[in-house]
Amino acid sequence: MARTITEGERVYQELRGLIVSGELRGGEVVNQVEVANRLGTSRALLHTAVARLVSERMLTPMATKGVRVTKVSVRDLLEINQLRWLLEGFAARVATEHLPADALAALRQQVDTISAGGSLEPEDVEAVDGAMHRLIAQHCGNERMQELIRQLDAEMSIARHGDVRASPAAMIDSVSAIVAAFEVRDADAAERELRAHIDMFAHRISDLLPRSRVAPTVIEPADH
């Protein structure tokens, strides 16, 4: 039984990876026979993984039989980013005192390695960014918040491979500033830098809006 669960998790992670990496693009119909063969798994386990990704809104059921990769609209992105701004800013504040020193050291090493290399490959920068967000969620001390952050990040990840990619240089500098706040256990700075980090995407998303559209409301941080 344990082996079946492990195999099911593998199939889920690999199918999710195809979506996050952009190999399966927004709006694309998923050929489940081909995907099952590609992942070397059974149709039953693939169906379980598909159902899980539907619940996470990464896949959308079609009117006819089958599913397609969720296509995230600009309005969706704005709403997702506003929720991330609220939730992850608070999560960063709470997590500041609880992040393990060894995990922070590993994250700092990744950031410094990328910065020193100078190549700033978007995939490498996004991998470090994802690791940072996961670390915050894992140590925010709230399982419901962790699940919400994970779901929102899954939806946002579909768009990161499209027109809303932030500048890799600006992104790695922002991650470095967040890590620096964590290293000195400064909750105010961690919350501020994390929200500034998320604002980078908000500005990029806003650039995609027609000029006639009203800009999204900016949510001001509460005083602490």
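The values are calculated or read from the model by the stated rules, or taken from the named source; none is laboratory data. Remember, it's a predicted structure, so these values are computed and weren't measured experimentally. Positions of Cβ are generated from backbone atoms using ideal geometry, with glycine treated the same way; all protein chains shown enter the neighbour counts.
Of the conditions (1) closer than 25 Å to E123 by Cα; (2) outside any helix (DSSP H, G or I), H98 satisfies every one except a single condition; which number is it?
Just one mismatch for H98, condition (1).
Could you tell me whether region 78-85 includes any residue that is in a helix (DSSP H, G or I), modelled with pLDDT of 90 or more and of a type in the set (D, E, K, R)?
yes
Exactly one of (1) farther than 14 Å from A169 by Cα; (2) aliphatic (A, V, I, L, M); (3) not in a helix (DSSP H, G or I) is unmet by M132. Its number?
Here M132 meets the rest and fails (3).
Identify all residues within region 28-62 that are in contact with a Lys or Arg (Cβ under 9 Å, 6 or more places away or on another chain), over 16 Å from Q13 (Cβ atoms) and outside any loop (DSSP other than H, G, I, E, B); write none if there are none.
V29, Q32, V33, T60, P61
For region 106-122, state whether one or more residues are farther than 18 Å from I198 by Cα, within 17 Å of the chain's Cα centre (by Cα) and of a type outside the set (S, T, N, Q).
Scanning region 106-122, I find at least one residue that is farther than 18 Å from I198 by Cα, within 17 Å of the chain's Cα centre (by Cα) and of a type outside the set (S, T, N, Q), so the answer is yes.
Among the residues of region 106-125, are any acidic (D, E), within 24 Å of L18 (Cβ to Cβ) and outside the structural domain of E193 (by TED's automatic domain parsing)?
Among the residues of region 106-125, not one is acidic (D, E), within 24 Å of L18 (Cβ to Cβ) and outside the structural domain of E193 (by TED's automatic domain parsing), which makes the answer no.
Can we say H203 is more than 12 Å from E88 (Cα to Cα), over 14 Å from the mean Cα position of the chain (by Cα) and at pLDDT below 90?
Yes, satisfied.
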